[in-house]
1. Please compute, over every Cα-Cα pair in the chain, the percentage with a separation greater than 37 angstrom.
2. Taking amide H positions as placed in the peptide plane 1.01 Å from N, state which residues far from Ile227 in sequence (5 or more) or on other chains have amide H under 5 Å from it.
3. Using +1 on the beta carbon of Lys and Arg, -1 on that of Asp and Glu, and nothing else charged, what's the dipole of segment 340-473 about the Cα centre, debye to 20?
4. Using a probe radius of 1.4 Å on heavy atoms only, what accessible surface per residue do you get for the chain? Whole Å² is fine.
5. Given +1 on the Cβ of Lys and Arg, -1 on the Cβ of Asp and Glu, and no further charges, what dipole in debye does the chain carry about its Cα centre, rounded to the nearest 20?
6. Would you pull out the residues with amide H under 5 Å of Asp109's amide H, same chain only if 5 or more places away, H placed 1.01 Å from N?
7. Pairs of alpha-carbon atoms within less than 8 angstrom and 6+ residues apart define the contacts here; what relative contact order does the chain have, in percent?
8. Hey, if you put +1 on the Cβ of every Lys and Arg and -1 on every Asp and Glu Cβ in segment 251-319, which of Pro304, Leu257, Ala277 ends up farthest toward the positive end of that dipole?
Amino acid sequence: MGGMHYDLVIIGSGSGNTLITPYWDDKRVALIEGGVFGGTCLNRGCIPTKMFVYPSELAATPEEAERLGVQLRRDGVDWPGIRDRIFSRIDPISAGGRRYRAEELEHVDLYEEDARFTGPRQLITDSGQEITADKVVVAAGSRARLPQVPGIDTPGVHTSDSIMRLPRLPQRIVIVGGGYIAAEFAAIFSGLGSEVIQVVRGSRLLNHTDETVAERFTAAATRRWEIHREWDLTSVGVGASTDVEVRFERGEEHLALGADVVLMATGRVPNSDRVDAAAAGFDVDPDGLLSVDGYQRVLSRGVPVEGVFALGDVSSEHQLKHVANREARVVAHNLEHPARLRTTDHRAVPAAIFTRPQIASVGLTEAQARDVAGTDLSVKVQEYADVAYGWAMEDTEGFAKVLARRSTGEILGAHIMGEQASMLIQPVVQAMVAGMDAYTLARAPYWIHPALTEVVENALLGLETAHTDDAPL
Ligand SMILES: Cc1cc2nc3c(=O)[nH]c(=O)nc-3n(C[C@H](O)[C@H](O)[C@H](O)COP(=O)(O)OP(=O)(O)OC[C@H]3O[C@@H](n4cnc5c(N)ncnc54)[C@H](O)[C@@H]3O)c2cc1C
Ligand SMILES: NC(=O)c1ccc[n+]([C@@H]2O[C@H](COP(=O)([O-])OP(=O)(O)OC[C@H]3O[C@@H](n4cnc5c(N)ncnc54)[C@H](O)[C@@H]3O)[C@@H](O)[C@H]2O)c1
(Lines give C-alpha, C1' and ligand atoms only; values in the text may rest on other atoms or scores of the structure.)
(Ligands and ions follow the chains in the order given, each with its own letter.)
Protein backbone atom coordinates (compact mmCIF):
# COMPACT_ATOMS: atom_id res chain seq x y z
CA MET A 1 0.00 0.00 0.00
CA GLY A 2 1.54 3.29 -1.09
CA GLY A 3 2.03 6.04 1.48
CA MET A 4 -0.17 9.12 1.34
CA HIS A 5 1.03 12.64 2.04
CA TYR A 6 -1.22 15.48 3.19
CA ASP A 7 -0.90 19.14 4.05
CA LEU A 8 -2.92 18.49 7.21
CA VAL A 9 -3.88 15.36 9.12
CA ILE A 10 -6.39 15.51 11.96
CA ILE A 11 -6.90 12.61 14.34
CA GLY A 12 -10.39 12.78 15.82
CA SER A 13 -13.64 14.17 14.44
CA GLY A 14 -14.95 15.84 17.64
CA SER A 15 -13.66 19.39 17.95
CA GLY A 16 -10.98 18.34 15.44
CA ASN A 17 -13.62 18.36 12.73
CA THR A 18 -13.94 22.16 13.03
CA LEU A 19 -10.35 22.66 11.85
CA ILE A 20 -11.21 22.10 8.19
CA THR A 21 -11.74 25.79 7.38
CA PRO A 22 -11.91 27.30 3.87
CA TYR A 23 -8.14 27.94 4.14
CA TRP A 24 -7.66 24.22 3.34
CA ASP A 25 -9.94 24.20 0.28
CA ASP A 26 -7.01 24.05 -2.16
CA LYS A 27 -4.92 21.71 -0.01
CA ARG A 28 -5.05 18.02 0.89
CA VAL A 29 -6.53 17.09 4.27
CA ALA A 30 -6.98 13.73 5.98
CA LEU A 31 -9.44 13.31 8.84
CA ILE A 32 -8.97 10.08 10.77
CA GLU A 33 -11.81 8.82 12.95
CA GLY A 34 -11.74 5.35 14.45
CA GLY A 35 -15.08 5.72 16.25
CA VAL A 36 -18.43 7.33 15.58
CA PHE A 37 -18.18 10.49 13.50
CA GLY A 38 -18.55 13.67 15.56
CA GLY A 39 -16.83 12.44 18.72
CA THR A 40 -17.93 12.29 22.34
CA CYS A 41 -19.97 15.43 22.93
CA LEU A 42 -22.40 14.84 20.08
CA ASN A 43 -22.76 11.07 20.24
CA ARG A 44 -22.34 10.05 23.86
CA GLY A 45 -21.49 13.13 25.93
CA CYS A 46 -22.79 16.62 26.56
CA ILE A 47 -25.65 16.65 24.10
CA PRO A 48 -27.51 13.38 24.68
CA THR A 49 -26.99 13.63 28.46
CA LYS A 50 -28.58 17.05 28.58
CA MET A 51 -31.39 15.80 26.34
CA PHE A 52 -32.08 13.23 29.08
CA VAL A 53 -31.63 15.79 31.88
CA TYR A 54 -34.49 17.95 30.68
CA PRO A 55 -37.24 15.29 30.55
CA SER A 56 -35.91 13.93 33.82
CA GLU A 57 -36.41 17.36 35.39
CA LEU A 58 -39.95 17.46 34.09
CA ALA A 59 -40.54 13.98 35.48
CA ALA A 60 -39.32 15.13 38.90
CA THR A 61 -41.60 18.17 38.94
CA PRO A 62 -44.51 16.66 40.91
CA GLU A 63 -42.40 16.33 44.08
CA GLU A 64 -41.15 19.92 43.77
CA ALA A 65 -44.62 21.28 42.99
CA GLU A 66 -46.19 19.55 45.99
CA ARG A 67 -44.23 21.83 48.35
CA LEU A 68 -45.80 24.85 46.68
CA GLY A 69 -49.34 23.60 46.91
CA VAL A 70 -49.60 22.32 43.34
CA GLN A 71 -50.70 18.74 42.90
CA LEU A 72 -49.26 17.18 39.76
CA ARG A 73 -49.34 13.55 38.82
CA ARG A 74 -46.72 11.72 36.81
CA ASP A 75 -48.47 8.98 34.92
CA GLY A 76 -45.35 7.40 33.55
CA VAL A 77 -42.10 7.78 31.71
CA ASP A 78 -41.69 6.46 28.20
CA TRP A 79 -37.99 5.57 28.21
CA PRO A 80 -37.91 4.08 24.68
CA GLY A 81 -39.74 7.17 23.44
CA ILE A 82 -37.34 9.57 25.15
CA ARG A 83 -34.30 7.57 24.04
CA ASP A 84 -35.47 7.29 20.44
CA ARG A 85 -36.38 10.98 20.22
CA ILE A 86 -32.86 11.87 21.38
CA PHE A 87 -30.94 9.52 19.15
CA SER A 88 -33.16 9.97 16.13
CA ARG A 89 -32.03 13.59 16.31
CA ILE A 90 -28.37 12.98 17.08
CA ASP A 91 -27.55 9.99 14.89
CA PRO A 92 -28.50 11.78 11.64
CA ILE A 93 -26.31 14.76 12.61
CA SER A 94 -23.36 12.41 13.00
CA ALA A 95 -24.24 10.62 9.75
CA GLY A 96 -24.65 13.94 7.92
CA GLY A 97 -21.29 15.21 9.16
CA ARG A 98 -19.66 11.98 8.09
CA ARG A 99 -21.27 12.09 4.65
CA TYR A 100 -20.18 15.71 4.11
CA ARG A 101 -16.55 14.93 4.94
CA ALA A 102 -16.45 11.52 3.21
CA GLU A 103 -18.38 12.25 0.06
CA GLU A 104 -18.85 15.95 -0.56
CA LEU A 105 -15.44 17.49 0.01
CA GLU A 106 -12.98 16.51 -2.69
CA HIS A 107 -9.94 17.80 -0.83
CA VAL A 108 -10.70 15.76 2.32
CA ASP A 109 -10.05 12.04 2.77
CA LEU A 110 -11.87 10.45 5.69
CA TYR A 111 -10.17 7.38 7.18
CA GLU A 112 -12.67 5.43 9.28
CA GLU A 113 -10.23 3.48 11.41
CA ASP A 114 -7.70 4.08 14.14
CA ALA A 115 -4.27 5.46 13.37
CA ARG A 116 -1.15 5.62 15.47
CA PHE A 117 2.10 7.52 15.25
CA THR A 118 5.24 5.93 13.86
CA GLY A 119 7.10 9.24 13.87
CA PRO A 120 6.35 12.87 14.72
CA ARG A 121 4.35 13.53 11.51
CA GLN A 122 4.06 9.95 10.37
CA LEU A 123 1.17 7.60 11.02
CA ILE A 124 -0.10 4.16 10.17
CA THR A 125 -3.75 3.16 10.20
CA ASP A 126 -5.07 -0.16 11.49
CA SER A 127 -5.40 -1.40 7.91
CA GLY A 128 -1.75 -0.54 7.23
CA GLN A 129 -2.15 2.73 5.32
CA GLU A 130 0.95 4.87 5.86
CA ILE A 131 0.32 8.59 6.12
CA THR A 132 2.68 11.55 6.39
CA ALA A 133 1.78 15.22 6.69
CA ASP A 134 3.23 18.70 6.95
CA LYS A 135 0.93 19.45 9.87
CA VAL A 136 -0.76 17.08 12.30
CA VAL A 137 -3.42 17.83 14.90
CA VAL A 138 -4.11 15.34 17.66
CA ALA A 139 -7.74 15.79 18.69
CA ALA A 140 -8.18 12.21 19.89
CA GLY A 141 -10.21 12.93 23.02
CA SER A 142 -10.56 10.62 26.01
CA ARG A 143 -12.39 7.40 26.88
CA ALA A 144 -14.21 6.01 29.89
CA ARG A 145 -11.95 4.37 32.45
CA LEU A 146 -13.19 1.01 33.73
CA PRO A 147 -11.88 -0.17 37.11
CA GLN A 148 -9.83 -3.32 36.69
CA VAL A 149 -11.77 -5.60 39.04
CA PRO A 150 -12.93 -9.21 38.51
CA GLY A 151 -16.19 -9.45 36.57
CA ILE A 152 -16.01 -5.99 35.05
CA ASP A 153 -17.15 -7.49 31.73
CA THR A 154 -20.35 -8.89 33.27
CA PRO A 155 -23.35 -8.07 31.04
CA GLY A 156 -25.21 -5.19 32.64
CA VAL A 157 -22.05 -3.20 33.42
CA HIS A 158 -22.16 0.04 31.47
CA THR A 159 -20.23 3.25 30.98
CA SER A 160 -21.69 6.55 29.83
CA ASP A 161 -21.08 5.27 26.26
CA SER A 162 -23.81 2.63 26.47
CA ILE A 163 -26.09 3.57 29.37
CA MET A 164 -28.16 6.03 27.34
CA ARG A 165 -29.15 3.35 24.81
CA LEU A 166 -30.56 0.84 27.32
CA PRO A 167 -33.58 -1.06 25.99
CA ARG A 168 -35.66 -0.19 29.07
CA LEU A 169 -35.53 2.13 32.06
CA PRO A 170 -33.78 0.24 34.87
CA GLN A 171 -35.84 -0.32 37.99
CA ARG A 172 -32.67 -0.29 40.07
CA ILE A 173 -29.29 1.07 39.03
CA VAL A 174 -26.01 1.13 40.93
CA ILE A 175 -23.68 4.00 40.01
CA VAL A 176 -20.03 3.74 40.97
CA GLY A 177 -18.09 7.01 41.21
CA GLY A 178 -18.62 10.45 42.67
CA GLY A 179 -17.76 12.83 39.81
CA TYR A 180 -19.55 14.72 37.05
CA ILE A 181 -20.89 11.75 35.12
CA ALA A 182 -22.14 9.93 38.22
CA ALA A 183 -23.87 13.09 39.46
CA GLU A 184 -25.61 13.72 36.15
CA PHE A 185 -26.81 10.15 35.61
CA ALA A 186 -27.93 9.74 39.23
CA ALA A 187 -30.15 12.79 38.72
CA ILE A 188 -31.37 11.59 35.32
CA PHE A 189 -32.34 8.11 36.49
CA SER A 190 -33.77 9.15 39.86
CA GLY A 191 -35.84 11.85 38.14
CA LEU A 192 -37.18 9.31 35.68
CA GLY A 193 -38.19 7.02 38.53
CA SER A 194 -35.38 4.45 38.82
CA GLU A 195 -34.14 3.46 42.23
CA VAL A 196 -30.59 4.89 42.25
CA ILE A 197 -27.83 3.68 44.54
CA GLN A 198 -24.56 5.59 44.26
CA VAL A 199 -21.37 4.24 45.79
CA VAL A 200 -18.23 6.34 46.26
CA ARG A 201 -14.75 5.77 47.63
CA GLY A 202 -14.52 9.08 49.43
CA SER A 203 -16.55 10.73 52.15
CA ARG A 204 -18.21 13.27 49.82
CA LEU A 205 -19.57 13.50 46.29
CA LEU A 206 -17.88 15.86 43.81
CA ASN A 207 -14.79 15.85 45.97
CA HIS A 208 -12.77 17.96 43.55
CA THR A 209 -15.19 20.88 43.71
CA ASP A 210 -15.31 23.76 46.19
CA GLU A 211 -15.83 22.40 49.72
CA THR A 212 -19.23 24.08 50.22
CA VAL A 213 -20.43 22.60 46.93
CA ALA A 214 -19.15 19.12 47.78
CA GLU A 215 -20.65 19.19 51.26
CA ARG A 216 -24.00 20.68 50.34
CA PHE A 217 -24.41 18.63 47.16
CA THR A 218 -23.71 15.44 49.12
CA ALA A 219 -26.49 16.42 51.52
CA ALA A 220 -28.86 17.38 48.70
CA ALA A 221 -28.18 14.17 46.76
CA THR A 222 -28.74 12.08 49.90
CA ARG A 223 -32.27 13.48 50.02
CA ARG A 224 -32.89 12.27 46.46
CA TRP A 225 -31.16 8.91 46.06
CA GLU A 226 -29.31 6.31 48.14
CA ILE A 227 -25.61 6.94 48.72
CA HIS A 228 -22.96 4.67 50.22
CA ARG A 229 -19.70 6.39 51.10
CA GLU A 230 -16.16 5.16 51.69
CA TRP A 231 -16.58 1.79 49.97
CA ASP A 232 -13.93 0.31 47.66
CA LEU A 233 -15.13 -1.61 44.62
CA THR A 234 -13.86 -5.21 44.70
CA SER A 235 -15.75 -7.18 42.03
CA VAL A 236 -18.81 -7.45 39.84
CA GLY A 237 -20.80 -10.57 38.97
CA VAL A 238 -24.22 -11.99 38.29
CA GLY A 239 -26.45 -11.75 41.37
CA ALA A 240 -28.46 -14.60 42.89
CA SER A 241 -31.70 -12.82 42.02
CA THR A 242 -30.50 -9.78 40.08
CA ASP A 243 -28.93 -9.29 36.65
CA VAL A 244 -25.76 -7.92 38.15
CA GLU A 245 -24.23 -7.60 41.60
CA VAL A 246 -21.53 -5.11 42.59
CA ARG A 247 -19.36 -5.85 45.58
CA PHE A 248 -17.45 -3.47 47.80
CA GLU A 249 -15.38 -3.62 50.96
CA ARG A 250 -14.42 -1.27 53.77
CA GLY A 251 -11.84 -2.82 56.06
CA GLU A 252 -13.46 -6.06 57.24
CA GLU A 253 -16.93 -5.02 56.07
CA HIS A 254 -18.54 -6.16 52.82
CA LEU A 255 -21.36 -4.69 50.77
CA ALA A 256 -23.11 -6.44 47.85
CA LEU A 257 -25.64 -4.48 45.79
CA GLY A 258 -27.83 -6.11 43.18
CA ALA A 259 -29.31 -4.15 40.29
CA ASP A 260 -30.59 -4.35 36.73
CA VAL A 261 -27.61 -2.37 35.52
CA VAL A 262 -24.43 -0.79 36.84
CA LEU A 263 -22.92 2.46 35.61
CA MET A 264 -19.18 2.77 36.05
CA ALA A 265 -18.55 6.52 36.17
CA THR A 266 -14.97 6.31 37.30
CA GLY A 267 -13.20 8.93 35.23
CA ARG A 268 -11.87 9.28 31.71
CA VAL A 269 -8.40 8.65 30.29
CA PRO A 270 -6.86 10.73 27.50
CA ASN A 271 -6.37 8.80 24.25
CA SER A 272 -2.65 9.61 24.00
CA ASP A 273 -1.93 5.86 24.21
CA ARG A 274 -4.50 5.08 21.51
CA VAL A 275 -2.54 7.28 19.08
CA ASP A 276 0.77 5.90 20.45
CA ALA A 277 2.11 9.36 21.28
CA ALA A 278 5.14 7.74 22.90
CA ALA A 279 6.21 6.23 19.54
CA ALA A 280 6.55 9.74 18.18
CA GLY A 281 8.53 10.85 21.24
CA PHE A 282 5.80 13.23 22.45
CA ASP A 283 5.70 14.19 26.11
CA VAL A 284 2.84 12.61 28.06
CA ASP A 285 2.15 13.49 31.70
CA PRO A 286 1.47 10.86 34.40
CA ASP A 287 -2.30 11.19 33.81
CA GLY A 288 -1.85 10.42 30.11
CA LEU A 289 -2.32 14.01 28.92
CA LEU A 290 -0.31 14.94 25.86
CA SER A 291 1.87 17.94 26.79
CA VAL A 292 1.29 21.14 24.85
CA ASP A 293 2.53 24.71 25.20
CA GLY A 294 0.31 27.81 25.29
CA TYR A 295 0.07 27.75 21.48
CA GLN A 296 -1.28 24.17 21.62
CA ARG A 297 1.99 22.86 20.12
CA VAL A 298 2.82 19.30 21.14
CA LEU A 299 6.04 19.04 23.13
CA SER A 300 8.84 16.51 22.91
CA ARG A 301 11.32 16.75 25.78
CA GLY A 302 9.76 20.11 26.52
CA VAL A 303 10.39 21.49 23.03
CA PRO A 304 7.58 22.15 20.50
CA VAL A 305 7.45 19.59 17.70
CA GLU A 306 7.39 21.32 14.30
CA GLY A 307 3.89 21.27 12.82
CA VAL A 308 2.19 19.14 15.51
CA PHE A 309 -0.66 20.50 17.62
CA ALA A 310 -3.12 18.98 20.08
CA LEU A 311 -6.42 20.09 21.55
CA GLY A 312 -9.30 18.97 23.71
CA ASP A 313 -9.49 16.04 26.12
CA VAL A 314 -6.28 14.40 24.88
CA SER A 315 -4.19 17.33 26.08
CA SER A 316 -6.37 19.53 28.28
CA GLU A 317 -6.76 19.38 32.04
CA HIS A 318 -10.31 20.66 31.42
CA GLN A 319 -12.31 17.82 29.90
CA LEU A 320 -14.97 20.22 28.62
CA LYS A 321 -16.43 20.78 25.18
CA HIS A 322 -16.30 24.57 25.33
CA VAL A 323 -12.58 24.30 26.11
CA ALA A 324 -11.97 21.82 23.27
CA ASN A 325 -13.78 24.17 20.89
CA ARG A 326 -11.80 27.21 22.05
CA GLU A 327 -8.53 25.32 21.67
CA ALA A 328 -9.64 24.22 18.19
CA ARG A 329 -10.13 27.86 17.17
CA VAL A 330 -6.63 28.64 18.40
CA VAL A 331 -5.14 25.65 16.58
CA ALA A 332 -7.02 26.62 13.39
CA HIS A 333 -5.51 30.10 13.61
CA ASN A 334 -2.02 28.83 14.39
CA LEU A 335 -2.09 26.35 11.50
CA GLU A 336 -2.99 29.17 9.15
CA HIS A 337 -0.71 31.85 10.64
CA PRO A 338 2.56 30.24 11.74
CA ALA A 339 4.20 33.67 12.03
CA ARG A 340 1.43 35.08 14.25
CA LEU A 341 0.78 32.33 16.77
CA ARG A 342 -1.91 32.88 19.38
CA THR A 343 -2.25 31.30 22.82
CA THR A 344 -5.38 29.81 24.37
CA ASP A 345 -6.88 31.84 27.18
CA HIS A 346 -7.54 29.34 29.96
CA ARG A 347 -8.50 31.96 32.53
CA ALA A 348 -11.95 31.77 34.00
CA VAL A 349 -13.00 28.42 32.52
CA PRO A 350 -16.52 27.73 33.79
CA ALA A 351 -18.12 24.32 34.16
CA ALA A 352 -21.60 23.19 35.01
CA ILE A 353 -22.81 19.87 36.34
CA PHE A 354 -26.33 19.25 35.13
CA THR A 355 -27.40 17.27 38.14
CA ARG A 356 -30.14 18.03 40.66
CA PRO A 357 -29.64 20.62 42.07
CA GLN A 358 -27.57 22.05 39.23
CA ILE A 359 -24.01 23.20 39.92
CA ALA A 360 -21.78 25.74 38.19
CA SER A 361 -18.28 26.91 38.99
CA VAL A 362 -15.61 29.23 37.71
CA GLY A 363 -12.14 30.00 39.01
CA LEU A 364 -10.64 28.84 42.27
CA THR A 365 -12.21 26.82 45.07
CA GLU A 366 -12.14 28.42 48.51
CA ALA A 367 -9.16 26.28 49.55
CA GLN A 368 -7.23 27.26 46.41
CA ALA A 369 -8.17 30.92 46.83
CA ARG A 370 -6.98 30.88 50.43
CA ASP A 371 -3.62 29.52 49.26
CA VAL A 372 -3.38 32.37 46.77
CA ALA A 373 -4.83 35.27 48.76
CA GLY A 374 -4.40 34.22 52.41
CA THR A 375 -6.05 36.71 54.77
CA ASP A 376 -6.81 39.02 51.82
CA LEU A 377 -9.59 36.62 50.83
CA SER A 378 -13.22 37.61 51.28
CA VAL A 379 -15.89 34.92 50.96
CA LYS A 380 -19.65 35.32 50.77
CA VAL A 381 -22.24 32.55 50.60
CA GLN A 382 -25.64 33.89 49.60
CA GLU A 383 -28.64 31.59 50.04
CA TYR A 384 -31.31 31.39 47.34
CA ALA A 385 -33.73 31.32 50.26
CA ASP A 386 -32.82 34.92 51.11
CA VAL A 387 -33.69 36.54 47.78
CA ALA A 388 -37.19 37.21 46.46
CA TYR A 389 -37.19 34.61 43.69
CA GLY A 390 -35.89 32.06 46.14
CA TRP A 391 -38.95 32.81 48.31
CA ALA A 392 -41.14 32.27 45.25
CA MET A 393 -39.49 28.89 44.73
CA GLU A 394 -39.54 28.09 48.46
CA ASP A 395 -35.94 27.07 47.90
CA THR A 396 -34.06 25.50 50.78
CA GLU A 397 -30.87 24.27 49.12
CA GLY A 398 -29.48 26.76 46.62
CA PHE A 399 -26.60 29.13 47.21
CA ALA A 400 -24.13 31.33 45.37
CA LYS A 401 -20.63 31.60 46.79
CA VAL A 402 -18.15 34.20 45.59
CA LEU A 403 -14.49 34.62 46.43
CA ALA A 404 -12.54 37.84 45.96
CA ARG A 405 -9.49 39.69 47.16
CA ARG A 406 -10.45 42.23 49.85
CA SER A 407 -7.80 44.72 48.76
CA THR A 408 -8.66 44.90 45.07
CA GLY A 409 -12.03 43.23 44.65
CA GLU A 410 -10.52 40.85 42.09
CA ILE A 411 -12.92 37.94 41.71
CA LEU A 412 -11.07 34.68 42.29
CA GLY A 413 -13.94 32.23 41.96
CA ALA A 414 -17.65 31.59 42.11
CA HIS A 415 -19.67 28.46 42.87
CA ILE A 416 -23.41 28.16 42.53
CA MET A 417 -25.69 25.27 43.41
CA GLY A 418 -29.37 25.45 42.59
CA GLU A 419 -31.91 26.28 39.92
CA GLN A 420 -30.31 27.62 36.70
CA ALA A 421 -26.81 27.68 38.22
CA SER A 422 -25.27 27.23 34.76
CA MET A 423 -26.83 30.49 33.61
CA LEU A 424 -26.45 32.46 36.83
CA ILE A 425 -22.67 32.02 36.76
CA GLN A 426 -22.24 33.71 33.38
CA PRO A 427 -22.05 37.37 34.55
CA VAL A 428 -19.25 36.38 36.91
CA VAL A 429 -17.37 34.68 34.06
CA GLN A 430 -17.75 37.85 31.98
CA ALA A 431 -16.46 40.03 34.80
CA MET A 432 -13.47 37.78 35.45
CA VAL A 433 -12.46 37.85 31.79
CA ALA A 434 -12.95 41.61 31.56
CA GLY A 435 -11.05 42.21 34.80
CA MET A 436 -14.07 43.82 36.46
CA ASP A 437 -13.91 43.86 40.27
CA ALA A 438 -16.67 42.38 42.44
CA TYR A 439 -18.17 45.68 43.60
CA THR A 440 -18.33 47.16 40.10
CA LEU A 441 -20.00 43.96 38.84
CA ALA A 442 -22.54 44.24 41.64
CA ARG A 443 -23.25 47.94 41.17
CA ALA A 444 -22.51 49.04 37.58
CA PRO A 445 -25.10 46.94 35.70
CA TYR A 446 -28.77 46.93 36.67
CA TRP A 447 -29.86 43.52 37.94
CA ILE A 448 -33.47 42.75 37.12
CA HIS A 449 -35.73 42.66 40.16
CA PRO A 450 -36.85 40.21 41.42
CA ALA A 451 -35.05 37.75 39.14
CA LEU A 452 -33.00 34.88 40.49
CA THR A 453 -29.88 36.76 39.35
CA GLU A 454 -30.26 38.76 42.58
CA VAL A 455 -28.66 35.82 44.33
CA VAL A 456 -25.42 36.61 42.47
CA GLU A 457 -25.80 40.37 42.95
CA ASN A 458 -26.30 39.93 46.69
CA ALA A 459 -23.40 37.50 46.97
CA LEU A 460 -21.13 40.09 45.36
CA LEU A 461 -22.47 42.85 47.61
CA GLY A 462 -21.85 40.68 50.65
CA LEU A 463 -18.12 40.56 49.99
CA GLU A 464 -15.93 42.81 52.08
CA THR A 465 -13.98 44.30 49.22
CA ALA A 466 -12.51 47.75 48.89
CA HIS A 467 -14.03 50.29 46.54
CA THR A 468 -13.50 53.97 45.95
CA ASP A 469 -15.91 56.83 46.70
CA ASP A 470 -16.66 57.28 43.01
CA ALA A 471 -17.58 53.60 42.53
CA PRO A 472 -21.06 53.08 41.02
CA LEU A 473 -23.85 53.60 43.54
C1 LIG B 1 -21.29 11.59 29.50
C2 LIG B 1 -20.53 12.86 29.21
C3 LIG B 1 -21.15 14.08 29.37
C4 LIG B 1 -20.46 15.25 29.10
N5 LIG B 1 -21.08 16.45 29.30
C6 LIG B 1 -20.43 17.59 29.05
C7 LIG B 1 -21.08 18.85 29.21
O8 LIG B 1 -22.25 18.92 29.57
N9 LIG B 1 -20.38 19.97 28.95
C10 LIG B 1 -19.08 19.92 28.55
O11 LIG B 1 -18.47 20.98 28.32
N12 LIG B 1 -18.42 18.74 28.38
C13 LIG B 1 -19.08 17.59 28.62
N14 LIG B 1 -18.44 16.39 28.44
C15 LIG B 1 -17.04 16.40 27.98
C16 LIG B 1 -16.96 16.60 26.45
O17 LIG B 1 -17.75 15.63 25.81
C18 LIG B 1 -15.52 16.49 25.99
O19 LIG B 1 -14.72 17.40 26.70
C20 LIG B 1 -15.37 16.78 24.50
O21 LIG B 1 -16.27 16.03 23.73
C22 LIG B 1 -13.93 16.51 24.04
O23 LIG B 1 -13.83 16.75 22.66
P24 LIG B 1 -12.54 16.26 21.85
O25 LIG B 1 -12.70 16.79 20.47
O26 LIG B 1 -11.32 16.58 22.60
O27 LIG B 1 -12.65 14.68 21.83
P28 LIG B 1 -13.76 13.70 21.24
O29 LIG B 1 -15.03 14.39 20.93
O30 LIG B 1 -13.79 12.54 22.16
O31 LIG B 1 -13.16 13.26 19.83
C32 LIG B 1 -12.05 12.44 19.75
C33 LIG B 1 -12.26 11.44 18.63
O34 LIG B 1 -10.99 10.86 18.31
C35 LIG B 1 -11.20 9.52 17.93
N36 LIG B 1 -9.92 8.82 18.11
C37 LIG B 1 -9.24 8.65 19.27
N38 LIG B 1 -8.08 7.99 19.03
C39 LIG B 1 -8.05 7.75 17.71
C40 LIG B 1 -7.11 7.11 16.86
N41 LIG B 1 -5.97 6.59 17.33
N42 LIG B 1 -7.38 7.04 15.53
C43 LIG B 1 -8.54 7.57 15.03
N44 LIG B 1 -9.44 8.18 15.79
C45 LIG B 1 -9.21 8.28 17.12
C46 LIG B 1 -12.29 9.03 18.86
O47 LIG B 1 -12.98 7.94 18.28
C48 LIG B 1 -13.17 10.28 19.00
O49 LIG B 1 -14.29 10.24 18.15
C50 LIG B 1 -19.11 15.19 28.67
C51 LIG B 1 -18.48 13.96 28.49
C52 LIG B 1 -19.19 12.80 28.74
C53 LIG B 1 -18.51 11.47 28.53
N1 LIG C 1 -21.43 18.83 32.59
C2 LIG C 1 -20.17 18.65 32.21
O3 LIG C 1 -19.45 19.57 31.86
C4 LIG C 1 -19.63 17.25 32.17
C5 LIG C 1 -20.46 16.16 32.33
C6 LIG C 1 -19.90 14.89 32.31
C7 LIG C 1 -18.54 14.74 32.13
N8 LIG C 1 -17.75 15.83 31.98
C9 LIG C 1 -16.29 15.70 31.85
O10 LIG C 1 -15.93 14.34 31.84
C11 LIG C 1 -14.95 14.11 32.84
C12 LIG C 1 -15.07 12.72 33.35
O13 LIG C 1 -16.22 12.56 34.18
P14 LIG C 1 -16.24 11.44 35.31
O15 LIG C 1 -17.41 11.68 36.19
O16 LIG C 1 -16.05 10.08 34.73
O17 LIG C 1 -14.88 11.73 36.06
P18 LIG C 1 -14.54 12.53 37.38
O19 LIG C 1 -13.07 12.63 37.40
O20 LIG C 1 -15.38 13.74 37.53
O21 LIG C 1 -15.01 11.52 38.53
C22 LIG C 1 -14.51 10.21 38.61
C23 LIG C 1 -14.99 9.58 39.90
O24 LIG C 1 -14.70 8.20 39.90
C25 LIG C 1 -14.07 7.84 41.12
N26 LIG C 1 -13.22 6.67 40.84
C27 LIG C 1 -12.15 6.59 40.04
N28 LIG C 1 -11.66 5.34 40.03
C29 LIG C 1 -12.47 4.60 40.84
C30 LIG C 1 -12.50 3.24 41.24
N31 LIG C 1 -11.59 2.38 40.82
N32 LIG C 1 -13.47 2.87 42.09
C33 LIG C 1 -14.40 3.74 42.53
N34 LIG C 1 -14.42 5.03 42.19
C35 LIG C 1 -13.47 5.45 41.36
C36 LIG C 1 -13.33 9.09 41.54
O37 LIG C 1 -13.06 9.07 42.92
C38 LIG C 1 -14.34 10.17 41.14
O39 LIG C 1 -15.33 10.31 42.13
C40 LIG C 1 -15.21 15.17 33.89
O41 LIG C 1 -14.05 15.46 34.61
C42 LIG C 1 -15.67 16.35 33.08
O43 LIG C 1 -14.59 17.17 32.74
C44 LIG C 1 -18.28 17.08 32.00
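The values are calculated or read from the model by the stated rules, or taken from the named source; none is laboratory data. No experiment lies behind these values; they were computed from the predicted model shown. Note: ideal-geometry Cβ built from the backbone for every residue, glycine included; neighbour counts use all protein chains shown. The area values use the complete protein model at the heavy-atom level, side chains included, leaving out ligands, DNA and RNA. Shrake-Rupley method; radii C 1.70, N 1.55, O 1.52, S 1.80 Å.
1. 36
2. Gln198
3. That gives a dipole near 620 debye.
4. For the chain, the solvent-accessible area averages 46 Å² per residue.
5. In debye, rounded to 20, the chain gives about 320.
6. So Asp109 has HN proximity to Val29, Ala30, Leu31.
7. 13
8. Pro304
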